[in-house]
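Visitor: Provided herewith is a single structure, encoded as structure tokens, for subsequent inquiry.
The values are calculated or read from the model by the stated rules, or taken from the named source; none is laboratory data. This one's a predicted model, so the numbers in the text were calculated from it and none came from an experiment. Cβ coordinates were reconstructed from backbone atoms using ideal geometry, including for glycine residues, and neighbour counts include every protein chain displayed. What goes into the accessible areas is simple: the full protein's heavy atoms, side chains included, and nothing from ligands, DNA or RNA. Shrake-Rupley method; radii C 1.70, N 1.55, O 1.52, S 1.80 Å.
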Amino acid sequence: MNEQSQLHNKKLNLLLKDLPWYVEEYIEHKRRKLSAASLLNYCHDYKIFFQWIISEHLFSGNLKDIPLQLLETLTVQQVEGFLNALQYEYHNKEVTVNRKLSALKSLFNYLQNIAETRDLKPYIQRNVMAKIEFNELKQSMETLANKMEGKILLGDEYENFRRFVAHDYREIVKDNKKLLNFYTFNQERDTAIISLILGSGLRLSEVVNLDLDDIDFNKYSARVIRKGNKEQYVFFSKIAMDDLQQYLTIREKRYHVEKTNKALFVAAPMGPKGKSRRLTARSIEKMIEKYANAFGKPALSVHKLRHSFATRYHTEINDVPKLRRQLGHSSIQTTMIYTHIKNDDLRSAVDKMDMPKDH
């Protein structure tokens with residue numbers, strides 16, 4: 001188990017101590033199928049729901065003691081009240097409300113249709129969540145695509161941004177010694193990270209968790225653990241490989257990496273012992289924010305770089321099933337967003353991507 005998963009598991013176990021016993025049982029049921037990060041999100045959603053039950057005086061006592069029987073007595077109107085509170089009091093977006101409702105539906109389905117008492121009876125007979133409908137998202141795929149189009153890299157911007165991180169940022173910070181030294185120290189690493197995302201479409205968590213042994217230098221691929229703890233080999237571009245190898249020539253010596261540290265991307269040594277450690281997700285986010293602001297596209301983020309890759313891939317290769325696999329989407333509907341983005345300028349700006357096309 002990698003460091004990030006261990007941290008998520010630790011937080012998950014702490015959070016479970018505050019939740020009713022049947023939630024813990026449900027989480028144990030799901031551990032084989034979902035990542036610790038996903039289960040942690042579920043538990044945060046459950047805690048909000050149970051706190052609402054207490055705030056509405058539907059139960060007086062500790063959150064941990066809310067009984068199964070109470071869940072059976074909840075009315076549709078009460079649950080709708082909770083969802084309305086999420087949207088209008090806590091200002092959750094419709095898609096976030098849907099996600100929280102999905103988590104609750106999954107829990108209640110387990111309690112009604114999967115979990116059994118010793119005499120083989122379901123934990124609950126009545127499932128109010130089965131009667132609740134999801135929000136209809138007003139935005140069409142085309143609307144989402146158009147919004148995305150203004151915030152991702154298109155045409156020459158794709159290579160220009162990579163080049164900016166690799167070389168041109170130096171011009172921006174040349175008069176600030178501290179920033180210049182920091183950039184010079186991390187130049188190869190930062191370029192490799194951004195090049196890898198632009199050349200593969202990997203998620204932030206997938207980049208963070210990469211180990212040295214996960215890279216196949218012959219097949220231009222990386223072994224990643226995708227959502228649902230599924231192992232998959234994801235291809236990346238030749239440019240990404242070149243940048244990665246450039247980084248690896250300096251990784252061990254510059255970052256004082258111990259032999260036991262297998263993390264691909266590491267942070268500068270800190271502390272009295274001066275040991276390097278795996279680069280965190282937040283560090284990568286802040287790094288990309290820094291370059292995006294200097295580049296003049298502050299809306300860029302790790303996720304937008306992933307979208308940039310997907311848009312380019314679709315334009316050049318036009319194979320939605322392959323793109324779906326490359327991105328690790330569980331639903332092809334998610335991948336279909338990219339078919340709505342207009343990229344005529346991209347066709348003339350780049351050559352065919354050097355992604356393997358026979359996989």
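Visitor: Accessible area of K64, 1.4 Å probe, to the nearest 10 Å²?
Guide: Counting only protein heavy atoms, the figure is 90 Å².
Visitor: Determine the dipole magnitude for region 1-140: charges of +1 sit on the beta-carbon of Lys and Arg, -1 on that of Asp and Glu, nothing else is charged, the reference point is the Cα centre, and the result goes in debye to the nearest 20.
Guide: The calculation lands at about 400 debye.
Visitor: Then there is this: Using the 2.2 N^0.38 Å rule of thumb for compact globular proteins, work out how region 229-273 stacks up: its C-alpha Rg over that value, please.
Guide: 1.45
Visitor: Would you list T260, T96 from the most to the least accessible area, probe 1.4 Å?
Guide: From most exposed to least exposed: T260, T96.
Visitor: Determine the alpha carbon to alpha carbon distance for each of K17/K47; K30/K230; K219/K297; K230/K304; K10/K33; K253/K275 and list only those over 21 Å.
Guide: Beyond 21 Å between Cα atoms: K219/K297; K230/K304.
Visitor: With r defined as the distance between the Cβ atoms of K178 and V95 and R0 fixed at 41 Å, what FRET efficiency is calculated, to the nearest 0.05?
Guide: For K178 and V95, the calculated efficiency is 0.55.
Visitor: If you wrap a convex hull around the C-alpha atoms of region 189-254 and split its volume per residue, what is the figure in Å³?
Guide: Once divided by residue count, the hull of region 189-254 is 81 Å³.
Visitor: Subtract the Cα-Cα distance of T75 and D216 from 0.36 nm times their separation in residues, and report this length gain in nm to one decimal.
Guide: Going from the current span to full extension adds 45.3 nm.
Visitor: Further question: Would you mind classifying region 1-132 by shape? Square roots of the alpha carbon gyration tensor eigenvalues, ordered a ≥ b ≥ c; an a/c under 1.5 is rounded, otherwise it is prolate if a/b is larger than b/c and oblate if not.
Guide: The shape class here is oblate.
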